[in-house]
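Structure, as structure tokens:
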Amino acid sequence: MLPDWSEQNVWRWLFTFYDAQQLEDIQKAWVLNTQDSKLSKTLHLVACLSTEQGQAQHLEPGFHRLEAGLDTPHPNRQVLLTHCVGQVADTLKELEFEADVVSLDATAAPCNRWTLQALARCCRRGTQVWVQPPPESQETEPSLTVLLSQTGFVAYPNTPTQTPALSPQALSYTYNPKWYIKTQRRIWRTPAQEPGHCTVVGAGLAGASVAYALARRGWRVLVLDAAPMSAAGASGLPAGLMAPQDSRDDSPRSRLIRAGIALTNQHAQRLLIEGQDWAPSGVMTLTTETWHPSGAWIRPGQLVRAWLAHPLITFQGHTHVARISQEGTQNWQLWDAQGQLIHTSSCVVLANAGGAFELAKTCFTPLAKLPAVEQLQGVLSWGYREAEDPNFAKHPVNGHGSLIPQFPMPEGWAWITGATYEPFGNKLELHQHHQHNLERLRQLQPRTAQALAETFEQNRVRHWVGTRCVSPKRLPCVGPLEASGLWIHAALGSRGLSLSALGAELLASRIGAEPWPLSNDLAQHLMVDG
Ligand SMILES: Cc1cc2nc3c(=O)[nH]c(=O)nc-3n(C[C@H](O)[C@H](O)[C@H](O)COP(=O)(O)OP(=O)(O)OC[C@H]3O[C@@H](n4cnc5c(N)ncnc54)[C@H](O)[C@@H]3O)c2cc1C
């Protein structure tokens with residue numbers, strides 16, 4: 001029997017196993033059964049894959065948010081899929097949400113007491129659980145039925161099991177322990193906010209990605225920016241690179257960047273024009289001599305505009321937010337510098353880079369402890385080139401600095417290299433920035449540097465200047481600043497393209513109490529409430 005989809009707007013369905021056909025069947029049944037509803041609905045499927053199943057799909061151990069191929073025919077229906085590759089018991093411990101429905105297949109992986117305890121942590125009182133029991137020959141002592149009962153799962157033996165996710169032999173349970181549910185582990189869960197209205201401050205990569213993640217879940221989002229148009233800050237660079245970061249110990253930062261690039265690539269594929277707005281070019285990292293096929297160049301402004309084009313998002317420029325305050329316990333007020341009220345909203349996301357940390361300080365309520373961020377200025381050097389120029393490599397390279405050898409600009413093909421990385425007080429002259437960039441280009445691509453030396457010397461090189469907001473951990477700050485509806489997504493540093501979509505998905509998942517795109521172990525490196 002399928003759940004009654006009309007009961008709630010978000011359904012979180014956890015599979016302790018992986019079966020592509022069953023996931024597809026659920027998705028189809030959900031679309032069919034919710035088509036009469038006017039409300040926006042999200043179905044979030046989480047499937048556990050063994051390492052071998054992951055390998056077959058080219059997925060490394062860990063969590064993977066998948067978007068491609070899951071578009072539904074209805075604009076206000078969204079299906080999200082998270083694949084978790086690894087041992088089921090380990091995966092269950094890394095999940096940070098409460099499932100509405102669970103499909104548990106004891107024939108696919110052994111189910112012991114510890115697995116069931118980890119599963120119970122992912123259930124709320126009332127979670128519906130479908131269990132495919134093991135064949136009699138594989139029954140253990142105590143039996144699965146006994147273990148389920150000891151862990152708080154109550155059987156409903158008479159319920160017919162017509163769910164497309166399991167065979168008719170499946171048993172129906174509900175998580176309803178006789179005891180008070182408590183946990184000794186650190187819980188990062190926030191209460192689910194139903195889709196409503198949200199105001200986002202900042203229309204760069206951080207703000208636009210959050211607005212898009214929320215709009216896809218049915219939120220109406222107002223995006224405010226001090227500038228007249230979007231992508232007016234650091235996100236306005238002509239072209240930027242997404243390149244994985246190699247580290248000997250595969251550090252959390254390296255893993256986060258990899259997960260982020262995988263997600264941004266999916267967004268780019270869905271929303272941007274290949275060859276014009278971005279290209280999955282691959283990147284050669286010269287410091288480690290590694291070819292990264294997932295690397296890509298992107299024109300960030302195009303991605304920002306594509307995200308903001310969602311019909312539920314409204315952009316309002318010329319709106320500088322100078323102060324925030326809380327009205328009662330429900331609403332946040334946004335004020336301009338003249339003391340005029342701009343807007344009141346029950347959900348506000350501060351996504352205006354360094355300004356987010358300033359705005360957080362204007363609020364009287366004690367907020368989460370925020371790190372001291374740095375503003376680091378940078379200059380990119382760029383210029384136009386002939387389409388066929390043998391002095392340029394075919395693909396981007398990075399190391400100390402980077403070179404995108406070819407991307408389209410309004411007047412033709414362009415190259416871009418840099419960038420410098422200077423604390424705000426360091427006042428370098430423009431020609432000094434260019435000189436630094438040329439020096440680094442000589443290390444990266446001597447032939448290209450030689451070919452461009454004259455352009456640099458004769459001041460015919462163009463520049464783009466911007467400021468990065470950088471946290472001490474060199475990772476974004478994501479999460480709730482206050483229990484009731486004030487959030488932050490900022491300090492994207494030099495990695496806005498790699499990390500904005502991932503941070504936005506994490507934030508939207510927390511706002512809606514949905515499955516996260518990352519294991520909690522990895523996500524906590526981004527959390528402001530950690
Ligand atoms: C020189 C340089 C090169 C870079 N190269 C790359 C690269 O190759 N790859 C990569 O991934 N990243 C790169 N980055 C980093 C990337 O540009 C940033 O990480 C990203 O753009 C940050 O996005 P954001 O939305 O946080 O900030 P921003 O894009 O700066 O957006 C903040 C927005 O908030 C608005 N705002 C600020 N205060 C207020 C207020 N009080 N009220 C209303 N609006 C406000 C601003 O007008 C602005 O539009 C580079 C950055 C620089 C400077």
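The single condition among (1) at pLDDT below 95; (2) in the same structural domain as L502 (by TED's automatic domain parsing); (3) closer than 25 Å to A47 by Cα that G196 does not meet is (3).
Taking the criterion of being in contact with an Asp or Glu (Cβ under 8 Å, 6 or more places away or on another chain) and not assigned by TED's automatic domain parsing to the domain that holds W332, would at least one residue in segment 380-400 satisfy it? Looking for residues that are in contact with an Asp or Glu (Cβ under 8 Å, 6 or more places away or on another chain) and not assigned by TED's automatic domain parsing to the domain that holds W332, one finds at least one in segment 380-400, hence yes. Somewhere in segment 446-468, is a residue part of a strand (DSSP E or B), in contact (Cβ under 8 Å) with a residue 12 or more places away in the chain, touching a helix residue (DSSP H, G or I) at 6+ places or on another chain (Cβ under 7 Å) and under 16 Å from V200 (Cβ atoms)? The answer is no; no qualifying residue exists. For segment 281-316, residues that are over 19 Å from the mean Cα position of the chain (by Cα) and free of Cβ contacts under 8 Å to residues at least 40 places away in the same chain total 3.
Scanning segment 322-345 for residues that are within 12 Å of the ligand (Cβ to nearest atom), in contact (Cβ under 8 Å) with a residue 24 or more places away in the chain and not hydrophobic (A, V, I, L, M, F, W, C) gives R323, H343.
Return yes or no: is A239 more than 16 Å from the ligand (Cβ to nearest atom), touching a strand residue (DSSP E or B) at 6+ places or on another chain (Cβ under 7 Å) and assigned by TED's automatic domain parsing to the domain that holds E358? No; evaluated as a whole, the condition is false for this residue.
The residue pairs whose first member lies in segment 389-405 and is in a loop (DSSP other than H, G, I, E, B) and polar (S, T, N, Q), whose second member is loosely packed, with under 15 Cβ neighbours inside 10 Å and modelled with pLDDT of 95 or more, and whose beta carbons are closer than 9 Å, counting only pairs six or more residues apart or on different chains, are N391/R447; N391/Q450. Residue check: S254 meets all listed conditions (1) under 17 Å from the mean Cα position of the chain (by Cα); (2) small (G, A, S); (3) crowded, with 17+ Cβ neighbours inside 10 Å but one, namely (3).
Anything in segment 32-54 that is in contact with a His (Cβ under 7 Å, 6 or more places away or on another chain) and closer than 20 Å to A99 by Cβ? List them, or say none. Within segment 32-54, A47, L49 qualify.
To keep it simple, each residue is scored yes or no on (1) within 18 Å of the chain's Cα centre (by Cα); (2) under 17 Å from R216 (Cα atoms).
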position: W13; (1), (2): no, no
position: F17; (1), (2): no, no
position: R65; (1), (2): yes, yes
position: E94; (1), (2): yes, no
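Scan segment 407-445 residue by residue and report those that are within 15 Å of the ligand (Cβ to nearest atom), assigned to a strand (DSSP E or B) and surrounded by 15 or more Cβ atoms within 10 Å (Cβ to Cβ). F407, A414, W415, I416, T417, G418, E422 - these are the residues of segment 407-445 that are within 15 Å of the ligand (Cβ to nearest atom), assigned to a strand (DSSP E or B) and surrounded by 15 or more Cβ atoms within 10 Å (Cβ to Cβ).
Selection of segment 495-516 for residues being in a loop (DSSP other than H, G, I, E, B) and under 24 Å from W13 (Cα atoms) yields G512, A513, E514, P515, W516. Summed over segment 95-124, residues that are farther than 15 Å from I181 by Cβ and surrounded by fewer than 20 Cβ atoms within 10 Å (Cβ to Cβ) total 7.
Among the residues of segment 245-284, the one identified as assigned by TED's automatic domain parsing to the domain that holds V210 and touching a His at 6+ places or on another chain (Cβ under 6 Å) is P252.
If you go through segment 13-57 and keep only what is farther than 22 Å from N520 by Cα and not in a helix (DSSP H, G or I), you end up with D19, Q35, D36, S37, K38, L39, S40, K41, Q57. Screening D249 against (1) crowded, with 24+ Cβ neighbours inside 10 Å; (2) free of Cβ contacts under 8 Å to residues at least 12 places away in the same chain; (3) of a type in the set (D, E) leaves a single unmet condition, (1). The residue pairs whose first member lies in segment 346-374 and is of a type in the set (D, E) and modelled with pLDDT of 95 or more, whose second member is within 12 Å of the ligand (Cβ to nearest atom) and in a helix (DSSP H, G or I), and whose beta carbons are closer than 8 Å, counting only pairs six or more residues apart or on different chains, do not exist in this structure.
Can you pull out every residue in segment 202-232 that is within 29 Å of R77 (Cβ to Cβ), within 6 Å of the ligand (Cβ to nearest atom) and among the hydrophobic types (A, V, I, L, M, F, W, C)? Within segment 202-232, A203, L205, A206, L224 qualify. Scanning segment 482-494 for residues that are within 15 Å of the ligand (Cβ to nearest atom) and part of a strand (DSSP E or B) yields L486, W487, I488, H489, A490.
The values are calculated or read from the model by the stated rules, or taken from the named source; none is laboratory data. Remember, it's a predicted structure, so these values are computed and weren't measured experimentally. Every residue, glycine among them, receives a Cβ derived from its backbone with ideal geometry; neighbour counts consider all protein chains shown.
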